[in-house]
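**Q** This structure is in structure tokens; I'll ask about it shortly.
Nothing in this text is a laboratory measurement; each read-out follows from the coordinates by a stated rule. Computed from a predicted structure; not experimentally measured. Note that we place each Cβ from the backbone using ideal geometry, even for glycine, and neighbour counts take in every protein chain shown.
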Amino acid sequence: MTVAKDTPMDSNTNILIVDDYRTMLRIIRNLLKQLNFNHVEEASDGSEALAKLHAGDFGLVISDWNMAPMTGLDLLKDMRADARLKAIPFIMITAESKADNVLAATQAGVSNYIVKPFDAQTLREKIAQLAVHA
């Protein structure tokens, strides 16, 4: 079953997923595959993600919040401060749904926010909202 029909983002978009937990990277990759996104690269923390972002051409970043040594929030702030990277949509994934965290991510320029656990439908909806707010 495919859930991608209402996802306005091009399925050829290069997506960078960032998480220090290999199992979560695999889960996100599989969910993206269900949505017909097959151009997916991985990074295990914000520092590695920044290096890949500077070397590649990505249309979306999906990142976990809690990582060391560089968190998802720090990655987001660095991206928004970089003229070449600041326009790339950024979806933050976290187990924390505290208002302070949502506010901090919003103030840093997050495009969307997903609280774990989530499924392909939730991911599809969050990606679809990016096009509406672009």
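**Q** Taking the Cβ of Val115 as the centre, find all other residues whose Cβ is under 11 Å away and add up their charges (Lys, Arg: +1; Asp, Glu: -1).
**A** So the surrounding residues net to +2.
**Q** Give me the distance in nm between label points sitting 7 Å out from Cα along the Cα-to-Cβ direction at Phe118 and Asn14, one decimal.
**A** About 2.3 nm, to one decimal.
**Q** Oh, and also: If you add up the charges near Phe90, with Lys and Arg at +1 and Asp and Glu at -1, over every other residue whose beta carbon is less than 13 angstrom from its beta carbon, what do you get?
**A** 0
**Q** Roughly how compact is region 77-134, stated as its Cα Rg over 2.2 N^0.38 Å to two decimals?
**A** That ratio works out to 1.15.
**Q** At 7 Å along the Cα-to-beta-carbon direction for both Asp100 and Lys86, put a label point, then send me their distance in nm to one decimal.
**A** Here the modelled spin labels are 2.8 nm apart.
**Q** Across region 94-103, in residue order, what do the Karplus-derived ³J(HN,Hα) couplings come to in whole Hz, using 6.51 cos²θ - 1.76 cosθ + 1.60 with θ = phi - 60° and x for Gly and Pro?
**A** Karplus-based 3J(HN,Hα) across region 94-103 equals 7, 8, 8, 10, 4, 4, 4, 5, 4, 5 Hz.
**Q** To the nearest 0.05, what FRET efficiency results for Asn66 and Ala128 with a Förster distance of 25 Å applied to their C-beta separation?
**A** Computed FRET efficiency for Asn66 and Ala128 comes out at 0.45.
**Q** To continue, here is another question. May I have the pair-distance distribution P(r) for the chain, computed from all Cα-Cα distances with 10 Å bins from 0 and rounded to whole percent?
**A** Percent of Cα pairs in each bin: 13, 49, 35, 4.
**Q** Could I ask something else about it? Listing Met9, Met24, Met79 from the residue with the fewest other Cβ atoms within 10 Å to the one with the most, what is the order?
**A** Ranked by crowding around the Cβ, least crowded first: Met24, Met9, Met79.
**Q** Let's see if you can work this out: charge +1 on each Lys and Arg Cβ, -1 on each Asp and Glu Cβ, no other charges. What is the dipole magnitude of the chain about its Cα centre, in debye to the nearest 20?
**A** My answer is approximately 260 debye.
**Q** Percent antiparallel among DSSP beta bridges with both residues in region 12-133, to the nearest 5?
**A** If we restrict to bridges inside region 12-133, about 0 percent are antiparallel.
**Q** Once a ≥ b ≥ c are taken as the square roots of the eigenvalues of the Cα gyration tensor of region 10-87, is the result rounded (a/c under 1.5), prolate (a/b larger than b/c) or oblate (a/b not larger than b/c)?
**A** oblate
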